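K.L.:
Just passing along the structure, written as structure tokens.
The values are calculated or read from the model by the stated rules, or taken from the named source; none is laboratory data. No experiment lies behind these values; they were computed from the predicted model shown. Cβ: placed from backbone, ideal geometry, glycine included. Neighbour counts: every protein chain shown.
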Amino acid sequence: MNEMVVHFPWLNPKLGRGPLPDGTVFFDPGVDLPTELIRWRPTDLPCSPAEVRAMLRSYMEFGERFPRSSDMKAYQAAGLDNFYTDTTMDIKSQLTGMDTPKEVDPADLRRQAQLLLAMALYREEQFIAMREQEGRFETARHGFAEVLGLDDEESFAQIGVPDEALFPRAGVELPWKSLLPCLLLFLPPGARLFVSDDEVLCELMALDLDFSPCADDLDTLVCCQLDSAAAERICGRPVDLPVPVTLVARPLNP
């Protein structure tokens, strides 16, 4: 296939599971990230990398006010979509609904979408770092057990870290459905989304999205046309999608 293929839903290349179609790129919301895989940064992003970094710092400063996750429940109820302004006070204002509701300008929607995607990448980085730390801890525990001469039952450690421990569970550890409208705002015409996560693919199929062999592909991929009605079923709210977008995936194992 000649069209651009953008990985979905994860933005960090470390979370791209299994073989990816040739030319698959990972969306870059204006955040530098060392990787050998190709990342694609649109040239028309509304916020510069410096602005994105400043917003993420404000978000983290705001989060530090809540030492326990339960302390943020009242703010989380307002929804992740409200984390989009530049300063800590603006973030708090949006979360608590103190501002008077008003119609959002399309340029502001793109700005909000970019910052939400940047925050998603930040959460993915946190998730990966946490799981890598757990993996190193388990390896160290196994090494201690060997030094002490403990047998397998006594070693209380497992060798290696399975994929299930590294990759997030869709919609639980790293929610993804709210990111779809954000990503759709930046896709160029004709671009496709490649879904590499089996759990995400299962959820899409459970929402009556019909995946069938891609007509123009010889690599045993399946495709599905995502229209505005299907996007609304996924996201739980209306999604402006003038032209359907093709979702691509590898068939689930029987």
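K.L.:
Assuming GLU232 fulfils every condition listed in (1) charged (D, E, K, R); (2) loosely packed, with under 14 Cβ neighbours inside 10 Å; (3) in a helix (DSSP H, G or I) apart from one, which condition is it?
P.N.:
All conditions pass for GLU232, except number (2).
K.L.:
Collect the residues in region 1-31 that are in contact with a helix residue (DSSP H, G or I) (Cβ under 7 Å, 6 or more places away or on another chain), part of a loop (DSSP other than H, G, I, E, B) and not β-branched (Val, Ile, Thr), keeping them in residue-number order.
P.N.:
Scanning region 1-31 gives PRO9, TRP10, LEU11, ASN12, PRO29, GLY30.
K.L.:
Still on this structure, I have one more. For region 208-229, give me the residue count where each residue is assigned to a loop (DSSP other than H, G, I, E, B) and either surrounded by 16 or more Cβ atoms within 10 Å (Cβ to Cβ) or not hydrophobic (A, V, I, L, M, F, W, C) (or both).
P.N.:
Kept after step one, since they are assigned to a loop (DSSP other than H, G, I, E, B), are these residues of region 208-229: 208-211, 214-221, 227.
With the extra rule that they be either surrounded by 16 or more Cβ atoms within 10 Å (Cβ to Cβ) or not hydrophobic (A, V, I, L, M, F, W, C) (or both), the set shrinks to 208-211, 214, 216-217, 219-221, 227.
Total meeting the criteria: 11.
K.L.:
Given (1) at pLDDT 75 or above; (2) of a type in the set (Gly, Ala, Ser); (3) at positive phi, where does GLY160 come up short, assuming only one miss?
P.N.:
(1)
K.L.:
Any residue in region 44-58 that is among the hydrophobic types (A, V, I, L, M, F, W, C), modelled with pLDDT of 80 or more and part of a strand (DSSP E or B)? Outline the logic, then answer.
P.N.:
Taking region 44-58 as the starting set, the residues that turn out to be among the hydrophobic types (A, V, I, L, M, F, W, C) are 45, 47, 50, 52, 54-56.
From the residues that got through so far, the ones that are modelled with pLDDT of 80 or more too are 45, 47, 50, 52, 54-56.
Next cut, part of a strand (DSSP E or B) only: none.
Checking region 44-58: not a single residue is among the hydrophobic types (A, V, I, L, M, F, W, C), modelled with pLDDT of 80 or more and part of a strand (DSSP E or B).
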